[in-house]
Each structure stands twice: as C-alpha cells, then as structure tokens.
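Written below as structure tokens is the structure these notes are about.
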Ligand code: C2E
Ligand code: CA
Ligand code: CA
C-alpha cells in the first residue's frame with residue numbers, strides 16, 4: 001500500500017494517485033507486504049533515476065565514459081603488479097557521475113551488458129599498450145552479476161582479449177562475493193569456464209556476504225579481496241583485526257591469494273603487513289588514475305612502506 005495525503009503531497013487527483021503509486025513501488029522494492037507514506041525525496045530519487053536511465057542510452061555513443069586505474073601494490077616485493085579498471089562518466093551537463101550512481105541502474109535496465117564490454121575493451125587496450133612498453137601488469141575488471149548471467153559473456157570477453165592480443169592470464173575478473181553465493185552452482189559453472197579459458201578470477205568485497213566455506217574451496221578463484229569495511233579500522237579495532245586475520249588464514253589454507261582494498265594510511269599498511277597480507281590497494285599508494293598518470297606512477301614507484 002502506498003499512501004499520499006491531500007493537499008500536502010499534491011493538488012490534483014492525478015498527481016495524488018501518482019504520489020501514492022511512487023510510495024507503493026518503494027514498498028515493493030523493500031520486499032512487498034507493507035505500506036509507505038509518500039515523501040518528496042522519493043520523487044527526487046525517481047526523477048534522478050529516470051534522468052540517468054535516459055542519459056545512459058546515448059552515453060556510450062557520445063563517448064562520455066572513461067576508465068581510471070588504481071594501482072595494486074605488493075608491499076613485500078615492493079612493486080606495482082596490477083591495476084583495477086574503474087569506470088567514470090563525464091556527463092555533458094551534470095559533470096562527473098560516480099559509478100555508484102549509475103552501475104546499479106544500468107544493471108537493472110540491462111545497459112550494463114554494453115557498458116561492461118566497453119569498459120573491458122578499453123581496459124584491455126590500455127593494458128596492451130603498457131605491455132608493449134614493457135610494463136607487464138595485470139588488469140582487474142569488475143564484472144556485474146547481469147553480465148555473468150548473460151549467455152554470450154564468455155565468448156565476448158574472450159573475443160575482446162584475442163582481438164587486442166592481450167594474454168588472458170593478465171586479465172583478472174572481479175566478481176562480488178554476494179553474487180557468487182546467491183546462486184553458487186550456476187556461478188561455479190561460469191567461473192570454471194572462464195578459468196578454463198585462461199582468465200584470472202577474484203572474489204570482490206569479501207566478508208560482506210555469507211560465504212559457504214565448502215564452495216569457497218571449489219571455486220577456481222585465485223584471489224580473495226578483503227572488503228574495505230574491515231580495513232578502515234584495522235589499526236584500532238581488534239574485532240576487525242581478528243576478522244582480517246581469519247580471512248588471511250583461511251585464504252592461505254585454501255591456497256588463495258589475498259588483497260586488501262581501501263588501504264588508506266600508513267597504519268593500515270603496517271597492520272596488514274603484520275597480519276601477513278602482502279597485496280594492497282587504496283589511497284595510501286594512489287587514487288584511481290588516468291592511464292597516462294598510471295604509467296608515470298609505475299615508472300617512478302618507490303615503495304616507502306618498509
Ligand atoms: P569496488 O569494485 O569495490 O571498487 C573500489 C572502490 O573503492 C572504487 O570506487 C575506488 O575508487 C574506491 N577506493 C579505492 N581506494 C580507496 C580507499 O583507500 N578508500 C576509500 N574510501 N575508497 C577507495 P569507485 O570507483 O567509485 O567505484 C565504486 C564501485 O562501482 C566499485 O566498487 C564497483 O563495484 C563499481 N564499478 C566501478 N567500475 C565498474 C565497472 O566497470 N563495472 C562494474 N560492473 N562495476 C564497476
Ligand atoms: Ca572491484
Ligand atoms: Ca569493495
């Protein structure tokens with residue numbers, strides 16, 4: 001049930017019903033079987049969504065997307081071994097729009113299929129350019145659940161890598177834990193196929209969902225990426241420290257790699273090092289960079305976290 005009130009929410013019958021309708025959709029989204037009063041912010045959200053959805057349609061054609069790369073650093077070997085590709089949208093009038101504002105909508109509307117392939121292609125082109133210059137880094141690409149569920153995804157991603165001439169062993173696909181565990185048998189099939197085709201795989205945002213340890217063992221994922229929320233207070237909060245220690249111990253015993261995202265401070269790095277985590281990504285070393293800046297970062301890199 002959605003509820004709107006005259007004359008607070010609207011002046012006309014049509015507007016009043018529309019407001020009630022908007023409120024009702026919020027109830028449905030929140031899991032049905034409930035009621036909501038209409039609020040103005042609901043309307044703002046709906047309008048914002050509609051705008052983004054409409055703009056998205058033409059954004060690829062208008063060349064409004066670009067990709068930034070955040071370095072992945074090994075603090076033991078003191079080297080930059082990889083980078084994560086993160087999409088950005090430079091909208092003609094709205095300016096820069098963050099992925100959190102449009103990835104979800106593009107997933108719901110299916111537009112992520114096209115956008116995801118565009119990002120993959122751009123990221124692989126940039127990586128190939130780095131390889132040709134002797135900088136053999138791994139590129140990590142975020143893959144959404146919609147893409148993974150698309151029957152042609154495996155063939156398409158293979159075709160892009162082959163066309164560009166980039167070794168698949170340098171392409172890592174990041175898939176969130178929540179998605180994998182939602183339908184673990186189906187995910188297992190697709191991930192095994194991608195693994196067979198030579199791609200690297202990583203479980204993103206690890207620790208935020210419910211993992212089945214039994215399946216974790218079977219997944220062909222090489223890397224576990226510890227979610228930022230556990231790293232944030234790792235130097236001050238003993239619970240977070242214990243959780244990270246447990247994830248690392250589990251990864252070690254399963255023969256998997258770990259990387260910690262959201263490593264922002266020297267204290268984070270030291271805490272992670274003391275727990276035996278050698279791979280990190282975060283603002284401490286660098287924000288996501290345009291490819292030219294990333295290249296410079298790699299060239300001038302000196303790891304001072306000793
Ligand atoms: P994510 O995969 O967890 O990516 C990491 C996010 O954390 C990025 O945000 C990055 O800029 C941010 N970050 C990196 N280091 C730090 C740090 O030290 N502290 C803090 N607080 N944040 C840090 P961004 O670029 O806004 O991306 C947000 C999310 O959007 C990503 O989260 C990912 O889920 C999604 N996304 C981005 N690009 C793509 C894409 O091409 N395809 C898909 N499907 N999703 C994408
Ligand atoms: Ca990611
Ligand atoms: Ca994350």
Computed lengthening from residue 163 to residue 78, 0.36 nm per intervening residue step minus Cα-Cα distance: 27.3 nm
Virtual spin-label span in nm between residue 21 and residue 63, 7 Å along Cα→Cβ: 4.0 nm
Would you mind checking the tilt of helix 13-29 against the longest principal axis of the Cα atoms of the chain, expressed as 0 to 90 degrees and rounded to 10? 30 degrees
Using the 2.2 N^0.38 Å rule of thumb for compact globular proteins, work out how the stretch 223-306 stacks up: its C-alpha Rg over that value, please. 1.13
Principal axis lengths of the chain from Cα atoms, whole Å, largest first? 68, 46, 38
Convex hull projection area averaged over all views, the stretch 83-218, Cα basis, nm²: 9.1 nm²
Average Cα contact separation per residue, the chain, under 8 Å, 6 or more apart, as relative contact order %: 15 percent
Nearest 10 degrees is fine. How inclined is helix 238-254 to the longest principal axis of the chain, computing both from alpha carbons? 60 degrees
Contour minus end-to-end for residue 196 and residue 152, with contour as 0.36 nm per residue of separation and end-to-end as the Cα-Cα distance? 14.2 nm
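Whole-Å semi-axes of the stretch 158-251's equivalent ellipsoid, largest first, each the root of 5 times a Cα gyration tensor eigenvalue?
Numbers: eigenvalues 157, 50, 20 Å².
Those come to 28, 16, 10 Å.
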Using only Cα atoms, tell me the angle between helix 184-196 and the longest principal axis of the chain; keep it within 0 to 90° and round to the nearest 10. 40 degrees
Normalised contact order of the stretch 95-221, rounded percent, pairs of Cα under 8 Å and 6 or more residues apart: 22 percent
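Using only alpha carbon positions, build the gyration tensor of the stretch 74-147, then give the equivalent ellipsoid semi-axes as the square roots of 5 times its eigenvalues, largest first, whole angstrom. Please list the in-between numbers first.
On the way: eigenvalues 148, 38, 34 Å².
Here the semi-axes work out to 27, 14, 13 Å.
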Ranked from fewest to most other Cβ atoms within 10 Å of their own Cβ, 60, 97, 259 fall in the order 60, 97, 259
Rounded to the nearest Å, the spacing of the alpha-carbon centers of the stretch 238-306 and the stretch 42-58 is 36 Å
How long, wide and thick is the stretch 1-100, going by the Cα atoms along their three principal axes, in whole angstroms, largest first? 65, 33, 19
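Quick check: convex hull of the Cα atoms in the stretch 150-306, volume per residue, rounded to a whole Å³? Provide the component values of the computation, followed by the final result.
On the way: hull volume 19.8 nm³, N = 157.
Hull volume normalised by residue count: 126 Å³.
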Residues residue 1 and residue 44, FRET efficiency given R0 of 25 Å [Cβ-Cβ distance, rounded to 0.05]: 0.70
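FYI, it's all coordinate maths here, none of it is from the lab. Keep in mind the model is a prediction, meaning the values are calculated, not measured. Reconstructed Cβ throughout: ideal geometry from the backbone, glycine too, with neighbour counts over all protein chains shown.
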